[in-house]
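The values are calculated or read from the model by the stated rules, or taken from the named source; none is laboratory data. Given the structure is predicted, the values throughout are model-derived calculations rather than measurements. Here the Cβ positions follow ideal geometry from the backbone for every residue, glycine too, while neighbour counts run over all protein chains shown.
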Amino acid sequence: MIPNALVELDRRHLVHPVTAYRTHEERGATVLKSASGVHLFDEAGNRYLDGFAGLWCVNAGYGQQALVNAATHQMAQLPYATGYFHFSNEPAIRLAAELADRAPGDLNHVYFTLGGSDAVDSAVRFTHYYFNAIGQGARRNFISLEYGYHGSSTTGSGLTALPVFHAGFNVPLPNQHKIPSHYAYRNPVGTDPAAIIAASVQALRDKVAELGADTVAAFICEPVQGSGGVLVPPTGWLPAMQAACRDLGILFIVDEVITGFGRIGPLFGCEVEGLEPDMITAAKGLTSGYVPMGAVFLSDRIYQAMADGAGAAMVGHGFTYSAHPVSAAVGLAALKLYEDGLLANGQASGAHLMARLVEFADHPLVGDVRGISMLAALEVVANKDTKALFPADLGIGARMAAAGNRQGVIFRAFPNGTIGLAPSLNYSLSDVDDLVARLRATLDEVL
Ligand code: PLP
């Protein structure tokens, strides 16, 4: 089929995620056709360096034959198995065991989902169930961070604090509350890490006091706020929030949908600061985006309390595709790739990326350069002194994305023009240099 005909069919029939429908109808889709290594190719024959690993998920890069083989072998052998009615399947069992072995603390129980949004939903449902099981059913309030993103299901979008996910959708839900982010570049308390940490801990304490100490169930946050603009907390922020949660008697849930599987260095982002949360949610890099899968990691305490609370009754939570054998087989193969060299390669390329991105600090459009390993952002401003953003009607984000495409690179162009980066872990040092060169050309073109 010729590309224009595909674009027309897309326009007429395909409803896109997180897209301005009318703008999309006018603009038409960029139809991707194939991929290899660190590159994507569209139907028109253009080649792009993928600076965003798909949607921060293809951590292993493209063309990993081991992942393809794992999927095709499993599809031929057992394409589907339910986890209901006491059935199980070998890849899911092995993946749960391997991951539990590597997960922080006593997160020894793994519930598999289809992606990140339903992992967050499941974590919320497990939290409710846990507190009901231990006789603290009044704990129904959830606290999350401004600039946070936790998916776009009804529950997750309410925990999310990005306005576009609320507008028109009747969320957040009444039990979902926010406290300010640690966002250092635009923090009213300034850039001093100790002040930022103290302010966040105090904000959490104040919010819990305001809601009533025995009505709060959990605090959920990302180790690095991704969709909010790649906001990296100061060192010590995450451990301080974990300690405050413990002190307040509320669960500490870490949403690792982006930060897991090497994105910020180790297998679990929690390892960077030695966190031991009560639950972790994960997805994306778990299967490197080749097939859909997410996960919730539950601590011994939570799992045992839920099991005891249920007694002989069923815990009524589950999906047809929970613990899908094909996804689990790909997850196992991805884990092997990560541990056979990809994590190490990502760490080396990530260090190089951070070192090179610093060069953008004196670019007239770049107000802030931030990141950790293979997750980074260049915050674009109209005025570096005042940190003023470009007026919304200028469409700076769309202009940045279009300029990037012309320069042969794909990144996340946030609506305010900020460039989000999440290269796959198979980037070589020279791929990083290529990315940096294309980013500079993009910024110079928009200037
Ligand atoms: N949580 C975080 C931190 C995310 O970044 C995302 C997606 O980007 C989600 C949850 C939702 O995951 P999914 O898009 O797989 O539903």
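Of the residues Ser157, Ser152, which single one is within 23 Å of Ala20 (Cβ to Cβ) and assigned to a helix (DSSP H, G or I)? Lay out the reasoning, then the answer.
Numbers: Ser152 fails: assigned to a helix (DSSP H, G or I).
Residue meeting the stated conditions: Ser157.
Look through segment 122-142, keep the residues that are within 16 Å of the ligand (Cβ to nearest atom) and β-branched (Val, Ile, Thr), and return whichever of them is farthest from Ile250 (Cα to Cα). Among residues in segment 122-142 that are within 16 Å of the ligand (Cβ to nearest atom) and β-branched (Val, Ile, Thr), the one farthest from Ile250 (Cα to Cα) is Val124.
Screening segment 36-70 for residues that are touching a strand residue (DSSP E or B) at 6+ places or on another chain (Cβ under 8 Å) and at positive phi and picking the one that is nearest to the ligand (Cβ to nearest atom) gives Trp56.
Looking across segment 104-124 at every residue that is touching a Leu at 6+ places or on another chain (Cβ under 9 Å) and assigned to a helix (DSSP H, G or I), the one that is surrounded by the fewest Cβ atoms within 10 Å (Cβ to Cβ) is identified as Val124. Just one of the listed residues (Asp308, Asp278) is touching a residue at least 60 places away in the same chain (Cβ under 8 Å), over 21 Å from Gly83 (Cα atoms) and not small (Gly, Ala, Ser), namely Asp278.
When residues in segment 285-320 are screened for being away from the ligand (no atom under 14 Å from the Cβ), part of a helix (DSSP H, G or I) and closer than 25 Å to Val68 by Cβ, 0 of them pass. Each residue in segment 54-103 was checked for being farther than 30 Å from Tyr427 by Cβ, assigned to a helix (DSSP H, G or I) and among the polar types (S, T, N, Q), and 1 of them qualify. Scanning segment 164-183 for residues that are in a loop (DSSP other than H, G, I, E, B), of a type in the set (S, T, N, Q) and either in contact with a helix residue (DSSP H, G or I) (Cβ under 7 Å, 6 or more places away or on another chain) or farther than 26 Å from Val232 by Cα (or both) yields Asn170, Asn175.
For residues that are in contact with a Lys or Arg (Cβ under 8 Å, 6 or more places away or on another chain) and surrounded by fewer than 21 Cβ atoms within 10 Å (Cβ to Cβ), scanning just segment 361-380, find the one that is farthest from Phe268 (Cα to Cα). This residue is Pro364.
Any idea which of Gly151, Gly168, Gly158 is more than 15 Å from the ligand (Cβ to nearest atom), closer than 25 Å to Gly115 by Cβ and not hydrophobic (A, V, I, L, M, F, W, C)?
That would be Gly168, the only listed residue that is more than 15 Å from the ligand (Cβ to nearest atom), closer than 25 Å to Gly115 by Cβ and not hydrophobic (A, V, I, L, M, F, W, C).
The number of residues in segment 352-379 being without any contact (Cβ under 8 Å) to a residue 60 or more places away in the chain and over 20 Å from the mean Cα position of the chain (by Cα) comes to 4. Note on segment 263-302: residues that are of a type outside the set (A, V, I, L, M), surrounded by 21 or more Cβ atoms within 10 Å (Cβ to Cβ) and more than 22 Å from Met241 (Cβ to Cβ) amount to 7.
Per-residue answers, yes or no, for (1) hydrophobic (A, V, I, L, M, F, W, C); (2) at pLDDT below 95; (3) under 28 Å from Tyr290 (Cα atoms):
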| position | (1), (2), (3) |
| --- | --- |
| Gln64 | no, no, yes |
| Tyr129 | no, no, no |
| Tyr149 | no, no, yes |
| Ser153 | no, no, yes |
| Ser157 | no, no, yes |
| Val164 | yes, no, yes |
